[in-house]
Amino acid sequence: MIIQVPTLDELPTLRAIERAAGEPFRGLGMTSVADDEPPSLEQLTEFQRTGRALAAYEEAGPGGGGHGPVGYLLWETVDGCTHIEQVSVHPDQAHRGIGRALIDRAERDGGPAALTLTTFTEVPWNAPYYARIGFRILPAAELTPGLRAIRAQEAALGLDRWPRVVMRREPGPGSGRPSP
């Protein structure tokens, strides 16, 4: 598995991955999540330009004769932490460790900081998955101003129709991932 910043030409593929990754939400009655529009090309370009977009490839990436991206992750710095804005893997590539590889790479790229994310509690490939790879649910008292702002924006978008939480994974060997 190769993880690297995607090229500008690959950004439309990331949008297609997002659409495909949203489809399983339909089976949970979360049609509005499945129908949610992926990040725009302009948004993806900004993440790509700043090195905060990562793509996963089965083989060598651009120029290496390999296949295009099969998953991607977007991250940003929020209150000193590496906040995972989005992580999506094409359903045809699920259960192969791609999401975890992307998350681990974001942790490396983000520096010696904790990882944070927001997610649905009752979706098996959301909070239960993140708990298995070392994330813990943050109680309200531990939310930073930036995380509270993200949760308020999500609520305004209607995502609180389903239970959501903020999760955090501490950096380093105790993070739930193998040590190097």
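The values are calculated or read from the model by the stated rules, or taken from the named source; none is laboratory data. The shown structure was predicted, so the numbers you read here are calculated from the model rather than taken from an experiment. In this analysis, Cβ positions are derived from the backbone assuming ideal geometry, glycine residues included, and neighbour counts consider all displayed protein chains. Areas reflect the complete protein model, heavy atoms only, side chains present, ligands, DNA and RNA absent. Shrake-Rupley method; radii C 1.70, N 1.55, O 1.52, S 1.80 Å.
Checking Glu10 against (1) out of contact with any Phe, Trp or Tyr (no Cβ under 7 Å at 6 or more places or on another chain); (2) buried (at least 16 other Cβ atoms within 10 Å of the Cβ); (3) closer than 20 Å to Arg108 by Cα; (4) modelled with pLDDT of 95 or more: exactly one of these is not met. Which one?
Glu10 satisfies all of (1) out of contact with any Phe, Trp or Tyr (no Cβ under 7 Å at 6 or more places or on another chain); (2) buried (at least 16 other Cβ atoms within 10 Å of the Cβ); (3) closer than 20 Å to Arg108 by Cα; (4) modelled with pLDDT of 95 or more except (3).
State yes or no: is Pro24 crowded, with 16+ Cβ neighbours inside 10 Å and more than 15 Å from the chain's Cα centre (by Cα)?
yes
For segment 40-67, give me the residue count where each residue is in contact with a Phe, Trp or Tyr (Cβ under 8 Å, 6 or more places away or on another chain), modelled with pLDDT under 95 and crowded, with 19+ Cβ neighbours inside 10 Å.
Qualifying residue count, segment 40-67: 0.
Any idea which residue in segment 68-104 is surrounded by the most Cβ atoms within 10 Å (Cβ to Cβ), counting only those that are among the charged types (D, E, K, R) and more than 21 Å from Ala20 (Cβ to Cβ)?
Per the criteria, the residue is Asp104.
Can you tell me how many residues in segment 1-29 are touching a helix residue (DSSP H, G or I) at 6+ places or on another chain (Cβ under 8 Å), part of a loop (DSSP other than H, G, I, E, B) and within 30 Å of Glu122 (Cα to Cα)?
Looking only at that region, the number is 1.
I'd like to check something: does segment 34-43 contain any residue that is closer than 25 Å to Phe135 by Cβ and either in a helix (DSSP H, G or I) or in contact with a strand residue (DSSP E or B) (Cβ under 6 Å, 6 or more places away or on another chain) (or both)? It would help to see each step written out before you state the result.
As a first pass, look at segment 34-43 and keep what is closer than 25 Å to Phe135 by Cβ: 34, 36, 38-39, 43.
If we keep only those that are either in a helix (DSSP H, G or I) or in contact with a strand residue (DSSP E or B) (Cβ under 6 Å, 6 or more places away or on another chain) (or both) as well, we get 34, 43.
Yes, there is a match, as at least one residue in segment 34-43 is closer than 25 Å to Phe135 by Cβ and either in a helix (DSSP H, G or I) or in contact with a strand residue (DSSP E or B) (Cβ under 6 Å, 6 or more places away or on another chain) (or both).
Does Gly146 count as of a type in the set (Gly, Ala, Ser), under 17 Å from Leu54 (Cβ atoms), open to solvent by less than 30 Å² (accessible area, probe 1.4 Å) and more than 14 Å from the chain's Cα centre (by Cα)? Full working, then the answer.
Values: of a type in the set (Gly, Ala, Ser): yes; under 17 Å from Leu54 (Cβ atoms): no; open to solvent by less than 30 Å² (accessible area, probe 1.4 Å): yes; more than 14 Å from the chain's Cα centre (by Cα): yes.
Spelling it out, it is not the case that Gly146 is of a type in the set (Gly, Ala, Ser), under 17 Å from Leu54 (Cβ atoms), open to solvent by less than 30 Å² (accessible area, probe 1.4 Å) and more than 14 Å from the chain's Cα centre (by Cα).
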